[in-house]
1. Among the residues in segment 378-389, are any touching a strand residue (DSSP E or B) at 6+ places or on another chain (Cβ under 8 Å), modelled with pLDDT under 95 and either not in a helix (DSSP H, G or I) or not hydrophobic (A, V, I, L, M, F, W, C) (or both)?
2. Hey, among the residues in segment 221-236 that are within 17 Å of the chain's Cα centre (by Cα) and among the hydrophobic types (A, V, I, L, M, F, W, C), which one's nearest to ARG357 (Cα to Cα)?
3. Give the residues of segment 28-42 that are over 22 Å from the mean Cα position of the chain (by Cα) and either closer than 23 Å to PHE125 by Cα or within 15 Å of the ligand (Cβ to nearest atom) (or both), sorted by residue number.
4. Here is a list of conditions, (1) out of contact with any strand residue (DSSP E or B) (no Cβ under 6 Å at 6 or more places or on another chain); (2) modelled with pLDDT of 95 or more, and GLU409 meets all of them except one; can you say which number that is?
5. Within 26 Å of HIS377 (Cβ to Cβ) and in contact (Cβ under 8 Å) with a residue 24 or more places away in the chain: which single residue out of LEU54, LEU63, LEU7 fits that description?
6. Does LYS291 satisfy the criteria of being part of a loop (DSSP other than H, G, I, E, B) and open to solvent by 20 Å² or more (accessible area, probe 1.4 Å)?
7. Please go through segment 224-238 and pick out each residue that is surrounded by fewer than 24 Cβ atoms within 10 Å (Cβ to Cβ) and in contact with a Ser or Thr (Cβ under 9 Å, 6 or more places away or on another chain).
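The values are calculated or read from the model by the stated rules, or taken from the named source; none is laboratory data. This one's a predicted model, so the numbers in the text were calculated from it and none came from an experiment. Glycine also receives a Cβ, built like all others from the backbone with ideal geometry; neighbour counts cover every protein chain displayed. Calculation scope for accessible area: heavy atoms of the full protein, side chains included, ligands and nucleic acids excluded. Shrake-Rupley method; radii C 1.70, N 1.55, O 1.52, S 1.80 Å.
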Amino acid sequence: MVHVNGLRCRECGREYPADPIYTCEWCFGPLEVAYDYDAIAAAVTKEKIAQGPLTLWRYSDLLPVHGDTAVDLGTGFTPLVRADRLAAELGLSEVWIKNDTRNPTNSFKDRVVSVALSKALEFGFKVAACASTGNLANSVAAHAARAGMRSYVFIPADLEQGKVVTTAVYGGNLVAIKGNYDDVNRLCAELAGVYEWAFVNVNMRPYYAEGSKTLAFETAEQLGWETPDHVVVPVASGSLLTKIRKGFEELHKVGLLDREPQVRVSGAQAHGCAPVATAWLEESDTIRPVKPATIAKSLAIGNPADGYFALDVVRTTGGGFAAVDDDEIVEGMRLLARTEGIFAETAGGVTVATLKRLAEQGVVRRDERVVVYITGHGLKTLEAIAPVCGPTATIAPNLDAFHEAFDVEEQ
Ligand SMILES: [Zn+2]
């Protein structure tokens, strides 16, 4: 059952029908889905959710599409693993990793795309499209294949090979643009005015963005219907961060949490593309667009659509921000892999390095229960880490050579 009243402008509050539209006609503010929370509260229980599928569709009462007509590759309900070795290394007591590398195309984007394309089918669209820094490209191509839709996926031409191949394999149109993500995004906004396609992050954006809330729903359920004290979230457009907070608040609103959530939200950006972190550090309300130059290409959005909203969430919840450099990103990837056996892409390196910084600064406190969102798999960004990850030794195939290379005492 869908409990949607319509769309509402995030700036001026004007209401619209639930159509494939994304901007307020009056103030040009972004639109978001408005729910009937009383109806959701009456429909949803912890028991009903527990009996649902082991995917994000267990929360379909809180989403803008019907779960039973969904474009489903099995997205969601990814592991939340306690990370004691990482916590010890950072001087923290309780850290959890939400491992979204385990989604069908190995990133959290499967959450937003499965919601967006399910809604697109409901609207009757035949073609799926998107502007992407890579993970979204993988996911749109895969879900379009699954849904029997045609697809046009637009990416910056300098993207990592691991993201190009893993998009092209699904057989849709993959268009490499000679420019950065912001150029790609601008072109897609123009194309959206010309073609009647479902652009997941343009005209489908209000529905698409809702998929991110399921990260908060799962986190709370997996913690026994409790919320963390502090979450650390990577920031590209800023949408993920704002929706994770919205997800926790919605659970309380519909009666699934006993206490009002008090979750501090911190944001992670790469130094080479840190428009939101910079505004936070400079205590400014103005997010100045930047030209990205970072190995964390999935976060390389120089003009983030939800940057201001993300900044506001971090401020009002008492979180923090860090902008970490490329060396810290690589070290963050290695730290997570070495301590917990989880291989994250560069964005995960940004998030872990930010956690480390914020722990050192005392922004993330030792007594807090912390959840860190790892949003994409390391195999997608091998280029970033290949120079520092190779064989420990290369030797001839005999015992002497091994003994020469390794002075091992234990048997
Ligand atoms: Zn408005």
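1. Taking segment 378-389 as the starting set, the residues that turn out to be touching a strand residue (DSSP E or B) at 6+ places or on another chain (Cβ under 8 Å) are 378, 380.
Now restrict to residues that are modelled with pLDDT under 95: 380.
If we keep only those that are either not in a helix (DSSP H, G or I) or not hydrophobic (A, V, I, L, M, F, W, C) (or both) as well, we get 380.
The answer is yes, given that some residue of segment 378-389 is touching a strand residue (DSSP E or B) at 6+ places or on another chain (Cβ under 8 Å), modelled with pLDDT under 95 and either not in a helix (DSSP H, G or I) or not hydrophobic (A, V, I, L, M, F, W, C) (or both).
2. First, the residues of segment 221-236 that are within 17 Å of the chain's Cα centre (by Cα): 230-236.
Now restrict to residues that are among the hydrophobic types (A, V, I, L, M, F, W, C): 231-233, 235-236.
Values: VAL231: 14, VAL232: 11, VAL233: 14, VAL235: 16, ALA236: 19 Å.
The extreme case among them is VAL232.
3. Going residue by residue through segment 28-42, those that are over 22 Å from the mean Cα position of the chain (by Cα) are 28-29, 35-42.
Selection gives PHE28, GLY29.
4. All conditions are met except number (2).
5. Values: LEU54 fails: in contact (Cβ under 8 Å) with a residue 24 or more places away in the chain; LEU7 fails: within 26 Å of HIS377 (Cβ to Cβ).
On inspection, the qualifying residue turns out to be LEU63.
6. Working: part of a loop (DSSP other than H, G, I, E, B): yes; open to solvent by 20 Å² or more (accessible area, probe 1.4 Å): yes.
Here the answer is yes, as LYS291 does meet what is asked.
7. Residues of segment 224-238 that are surrounded by fewer than 24 Cβ atoms within 10 Å (Cβ to Cβ), as a first pass: 224-227, 229, 237.
Answer for segment 224-238, where residues must be surrounded by fewer than 24 Cβ atoms within 10 Å (Cβ to Cβ) and in contact with a Ser or Thr (Cβ under 9 Å, 6 or more places away or on another chain): just THR227.
Conditions (1) touching a helix residue (DSSP H, G or I) at 6+ places or on another chain (Cβ under 7 Å); (2) over 22 Å from GLY255 (Cβ atoms); (3) of a type outside the set (Gly, Ala, Ser), marked per residue:
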residue	(1), (2), (3)
ASN5	no, no, yes
CYS9	no, yes, yes
TYR16	no, yes, yes
ILE40	yes, no, yes
ASP61	yes, no, yes
